[in-house]
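The structure follows.
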Amino acid sequence: MSKNISNLSGRIGLKDNLFKKMSENVLNNSPRDIKEIAKEYNLGVSTIHGAESFYEFLRPSHREKKAFVCNGSACMCAGTQDKLKETLKSKLGNDKVGEMFCLGHCYENHAFHYDGENYAGKDIENIDQILNGEVIKQEKFFSKSYATTSFLMDDKLSTAEQFKEQLNKFLKKDKKEIVKSLLDSNLTGRGGAGFPTGMKWDFCSKAKGDKKYVICNADEGDSGAFSDRYLLEDQPLKVIFGMVICGLVIGSDEGVLYIRGEYPKSIEAINGCINELKKLNLLGENILGTDFSFDLGICIGQGAYICGEETALIASIEGRRAEVDVRPPFPVTEGLYKKPTVVNNVETLAAATGILINGAEKFSSIGNKKSAGTKLVCLDSFFNNPGVYEINMGTPMKKIFNEIGGGYKESVKAFQIGGPLGGVVPLKEIDNLNLDFQEFSSKGFMLGHASVVSIPKDFPMTEYIHHLFEFSAEESCGKCFPGRLGSYRGKEMFDQAKKKTAKIPLKLLNELLVTMQKGCLCALCGAIPTPIMNILKYFGDEMKSDMVKDN
Amino acid sequence: MSSEKRKIAYIDGKPYEISANHTSILKFVKSYVGEKKVPTLCDDPNLAPYGACRVCSVEVALQKDGPTKVVASCHTPVAENQHIFTSNENLQNLRKNIVELVLTDHPMECGTCEVNNNCELQDVANDLGISDHRYNSPKQHKGIPKDTSHDYMRMNLDNCINCGRCVRACDEIQGSFVLTMSGRGFESRITTDNDMMFGDSSCVSCGACAHTCPTDAISDVFQSKSAAVDKKGKNYMFLLWSWV
């Protein structure tokens, strides 16, 4: 963590942030010498170079390619990507097709990225039109609320007029009352860590600082999840409203949405909303004639899963390498540019909005104290009804899968729930689980984002573990030793098993997993052992022939 | 005299007083039970806590006989009534496994290495009783050409363990931004400026990087980190550095 870089980058600040400047420069057809940028920010050439080289999309090897096939877990399990890759290669050339991790089309697969747009499902049938630059008709995800009260999917905040009406109401409210509402609702962060949202806002409102920031973490990289994408594209005003109210409560006049570059439509939707709200003075200086000002911008992620971790996300915006920082200090006291900052996930902000509009009691009355309210659940293409659903916390998983999801199209043996770091739950265990954060954790799984990737019966688990290690090796920031080295050595073990050049030494593997779990700095390489240990526990027999006993 | 109540935390069962300069568990432990009780690799007391190597992990309970949690001692604050355990079988295994991983990407040529017997990695590995690794044909970064382009400094990245101390010293001590980590994950490595040769870079030859480097990855033409070099000369060099 470099205080010097944070402070120097902070002198110029968020509007002209270094990350945006350096990524736009790399992606420009005639980039400036990075020495000039370094000089503007009073930083070293090495600072810019070190940060640039961190991101997949900014690397020459990536920029040379034209199309990118999704290599997320859901598309992999669906087995649609090999053929897709071949088709694209035949059209564009063998060296012109790369990969991207999860484009959020887990409900239809066949996902790929071309020329700034994502395509999936049957879109590949229109490849010639796509390559000609024609706009093709695309199918949307299915979404529906099954909740007692919908906080996230209703249409109470779908027009600028409604936004204005609600904002008028809350600008007059006592800030303490707003925090109390959130505390009473028992809303916990939906990004994975599960910290009480009301407490976070309260801490930050009390933190001393001449400047404060609100960050929306829209770097949804978890394979299987497209719930944030749903909110950004279909409920953008709910997300933005949550940020504005957070700004009001903590005393911040500036916020940013860090949206992953893999989601071009989300960026477009949010951008459109921000522009509209600015025109109507619902964002910007002296909102609706009050002394409250709040401006909002977007940072576009450049292909790094780790930026979903809050300290890495902050580092990224500042133009530092997106490595995970030690805590304390926590962002609420020392966040972006070392100023007090609230970092909230997309769904958390939208839920906060829903709670403020509908009342805390309605939210807290669903589920239990630690898993309260409603949650978006994403079901992939193996379900008869794939889509994103708003569901009461506490609902039996069996009901979600069989009734809401309509059962499975083909035989599945397990589900990875909660993204690549979430647990792998065998089919038979689904009957014993409810949609509840604590319940999942106590059984050795992790609900996380509540995204569901189905693993079909004939999919080899050795290959699934390989996929997980490959993912963490690829996405590890490289800072902590067990994360950088452990994920890579794990990948190598399964590379060798896949190629049949060596068997997996079981004892060493177990030691490696414990080392990563106990030793890593953050939840990327620290939690990847969770699904792997689940697989070894429940599907060890299946993998026996790939294993060898070592001492 | 402070009127504040004395605050106590426990190291391996014994009570010690927490003072204002105990900004981390590591500093607390080191001040009472010695430098070597908890191994470190990425830590340098002159630099901000970084939390990369994780070999300084300890177990902490919030009350006597309470459940313990593994934390990196270098960036975890010490708090009243904490029970800190510096060593047990689990911790030793964790440290051994981490150092073993480090050795999977290290040349292991101590005998011919300039800093033989004056190397933090060697010390930590020896103390833990680790001299080899069990991984099958691990990919290594071996064979990176030595950078001898600089008038004073030497860079030999085969020996680098990616602790980031040089980068942080360059930034935090010298206020220069010459060194950086580049790339990501397993492929991340130390470089100067925009991948320049050391001698062509904007380096001001302060020597802070070589001074903090725990191995032979960055050293100098005076071989001042060599255990074989006359101690007097070595001290003289460090004195010179502090003047620059």
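Would you check which residues across the stretch A:454-474 are touching an Asp or Glu at 6+ places or on another chain (Cβ under 6 Å) and buried (at least 24 other Cβ atoms within 10 Å of the Cβ) and list them?
Correct list: A:S454 only.
Next question, about the same structure. Please go through the stretch B:84-115 and pick out each residue that is farther than 30 Å from B:E17 by Cβ, assigned to a loop (DSSP other than H, G, I, E, B) and either open to solvent by less than 20 Å² (accessible area, probe 1.4 Å) or touching a Ser or Thr at 6+ places or on another chain (Cβ under 9 Å) (or both).
Within the stretch B:84-115, the subset farther than 30 Å from B:E17 by Cβ is B:93, B:96-115.
Still in the list and also assigned to a loop (DSSP other than H, G, I, E, B): B:104-109, B:113-115.
Result: B:T104, B:H106, B:P107, B:M108, B:C113, B:E114, B:V115.
Run A:G209 past the list (1) open to solvent by less than 80 Å² (accessible area, probe 1.4 Å); (2) part of a helix (DSSP H, G or I); (3) more than 30 Å from A:M446 (Cα to Cα) and report the number of the one that doesn't hold.
Condition not satisfied by A:G209: (2).
Let me ask something additional. Given the conditions (1) free of Cβ contacts under 8 Å to residues at least 60 places away in the same chain; (2) more than 7 Å from chain B (Cβ to nearest Cβ), report the number of the one that A:L508 does not fulfil.
(2)
Continuing with this model, one more query. Test A:L257 against the criterion of being over 18 Å from A:G303 (Cα atoms), in the same structural domain as A:I317 (by TED's automatic domain parsing) and either of a type in the set (K, R) or at pLDDT 95 or above (or both), and give yes or no.
Numbers: over 18 Å from A:G303 (Cα atoms): no; in the same structural domain as A:I317 (by TED's automatic domain parsing): yes; either of a type in the set (K, R) or at pLDDT 95 or above (or both): yes.
Against the criterion (over 18 Å from A:G303 (Cα atoms), in the same structural domain as A:I317 (by TED's automatic domain parsing) and either of a type in the set (K, R) or at pLDDT 95 or above (or both)), A:L257 does not qualify.
Every residue, every condition in (1) of a type in the set (A, V, I, L, M); (2) closer than 26 Å to A:L313 by Cβ; (3) open to solvent by 70 Å² or more (accessible area, probe 1.4 Å), yes or no:
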residue: A:I5; (1), (2), (3): yes, yes, no
residue: A:D16; (1), (2), (3): no, yes, yes
residue: A:G50; (1), (2), (3): no, yes, no
residue: A:R63; (1), (2), (3): no, yes, yes
residue: A:G104; (1), (2), (3): no, yes, no
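Out of A:N118, A:N94, A:N126, which single residue is outside the structural domain of A:E470 (by TED's automatic domain parsing), among the polar types (S, T, N, Q) and crowded, with 20+ Cβ neighbours inside 10 Å?
Working: A:N94 fails: crowded, with 20+ Cβ neighbours inside 10 Å; A:N126 fails: crowded, with 20+ Cβ neighbours inside 10 Å.
Answer to the selection: A:N118.
Looking at (1) over 16 Å from B:L101 (Cα atoms); (2) open to solvent by 20 Å² or more (accessible area, probe 1.4 Å); (3) in a helix (DSSP H, G or I), which is the only condition A:K491 fails?
(1)
OK, next. Within the stretch B:170-205, can you find the residues that are more than 8 Å from chain A (Cβ to nearest Cβ), open to solvent by 20 Å² or more (accessible area, probe 1.4 Å) and farther than 21 Å from A:M22 by Cβ?
The answer is B:I173, B:Q174, B:M197, B:G199, B:D200, B:C203, B:V204, B:S205.
Can you say whether A:N71 is in contact with a strand residue (DSSP E or B) (Cβ under 6 Å, 6 or more places away or on another chain), of a type in the set (S, T, N, Q), outside the structural domain of A:A304 (by TED's automatic domain parsing) and within 24 Å of A:D95 (Cα to Cα), as far as the supplied structure shows?
yes
In the set A:E470, A:E439, which member is in the same structural domain as A:F539 (by TED's automatic domain parsing), of a type outside the set (V, I, T) and not in a loop (DSSP other than H, G, I, E, B)?
Details: A:E439 fails: in the same structural domain as A:F539 (by TED's automatic domain parsing).
Exactly one of A:E470, A:E439 is in the same structural domain as A:F539 (by TED's automatic domain parsing), of a type outside the set (V, I, T) and not in a loop (DSSP other than H, G, I, E, B), namely A:E470.
Which residues, counting only those in the stretch A:320-350, are outside any strand (DSSP E or B) and within 16 Å of the chain's Cα centre (by Cα)? Spell out the reasoning first.
Going through the stretch A:320-350, the residues outside any strand (DSSP E or B) turn out to be A:320-340, A:346-350.
Result: A:A322, A:V324, A:V346, A:E347, A:T348, A:L349, A:A350.
Could you say whether any residue in the stretch A:104-122 is part of a helix (DSSP H, G or I) and not basic (K, R)? Spell out how you get there, then give the answer.
As a first pass, look at the stretch A:104-122 and keep what is part of a helix (DSSP H, G or I): A:121-122.
This time we only want the ones that are not basic (K, R), so: A:121.
The answer is yes; a qualifying residue exists.
Now for a separate question. Among the residues of the stretch A:34-57, count how many are touching a residue at least 40 places away in the same chain (Cβ under 8 Å) and either part of a helix (DSSP H, G or I) or at the interface with chain B (Cβ under 7 Å from one of its Cβ atoms) (or both).
Looking only at the stretch A:34-57, we keep the residues that are touching a residue at least 40 places away in the same chain (Cβ under 8 Å), and these are A:41, A:43, A:47-48, A:50-51, A:54-57.
From what's left, either part of a helix (DSSP H, G or I) or at the interface with chain B (Cβ under 7 Å from one of its Cβ atoms) (or both): A:43, A:47-48, A:50-51, A:54, A:56-57.
Here the count works out to 8.
The values are calculated or read from the model by the stated rules, or taken from the named source; none is laboratory data. Since the structure is predicted, the reported quantities are computational estimates derived from the model, not experimental observations. FYI the Cβ positions are ideal-geometry reconstructions off the backbone, even for glycines, and counts take in every protein chain you see. Calculation scope for accessible area: heavy atoms of the full protein, side chains included, ligands and nucleic acids excluded. Shrake-Rupley method; radii C 1.70, N 1.55, O 1.52, S 1.80 Å.
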